[in-house]
Amino acid sequence: MAFLLEQGISALLVNPCAIPPKNGWLIFSYSAFAARIQESPAYLQTHYDKDGFVLWSEPAQTFVVCYNDSAPQNEIRWTVTHEIGHISLHHVSPGCPVLARHGAGNCLYELEAECFALRVLCPAPVLLECGVDTPEEIANMCGIPGRRTGAALAYVRGFAADSQTAPLLSGIM
């Protein structure tokens, strides 16, 4: 919830594409970034990730979030929020400008970024207050991919008002 408040987010659907500019970070679709580096979107999918990635740009002195613009809108929302999670959780920094795809600790970083995306896009206190109790309601209210709704529902059901941590969500990845 702290991240939502810090970013001035007060309504669902959360618009994750508005977060990078508010923080001085850059955000690019794969099409735009590929053109910028004179490569193809397929190159980015092969050499970085099929969904998205984040890196620290030394020349720009800021983070760069990239997402696959050929994905459905709900997947883009999840991916952008996931990549913002890597920034907020300090997985990438000027000293560690990009995550190695299969590096040590990567599995934990990915799980943390997935949990971050879940909490930002599906804030349990809001969903509980609204009486949301089905995967379909979560998908509609939060704009997340259907394959993520089971984990979101488990998170909402396991949430306690004074909880600082979500239950471990083994089905999230």
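The values are calculated or read from the model by the stated rules, or taken from the named source; none is laboratory data. Everything numeric in this text was worked out from a predicted model, so none of it was measured. Here Cβ is always computed from backbone atoms with ideal geometry, including for glycine, and neighbour counts include all displayed protein chains.
Annotations
- For residue 141: the one exception among (1) touching a Pro at 6+ places or on another chain (Cβ under 9 Å); (2) touching a residue at least 60 places away in the same chain (Cβ under 8 Å); (3) under 20 Å from residue 156 (Cα atoms): (1)
- The lone criterion from (1) among the polar types (S, T, N, Q); (2) at negative phi; (3) free of Cβ contacts under 8 Å to residues at least 12 places away in the same chain left unmet by residue 38 is number (2).
- Residue count for region 99-110, restricted to those that are at pLDDT below 80 and exposed (fewer than 15 other Cβ atoms within 10 Å of the Cβ): 6
- Check on residue 11, among the hydrophobic types (A, V, I, L, M, F, W, C) and either part of a helix (DSSP H, G or I) or modelled with pLDDT under 95 (or both): yes
- From the options 113, 117, residue that is of a type in the set (Gly, Ala, Ser), closer than 25 Å to residue 130 by Cα and in contact with a helix residue (DSSP H, G or I) (Cβ under 8 Å, 6 or more places away or on another chain): 117
- Scanning region 53-77 for residues that are more than 22 Å from residue 89 (Cβ to Cβ) and not small (Gly, Ala, Ser) turns up 59, 69, 72, 73, 74.
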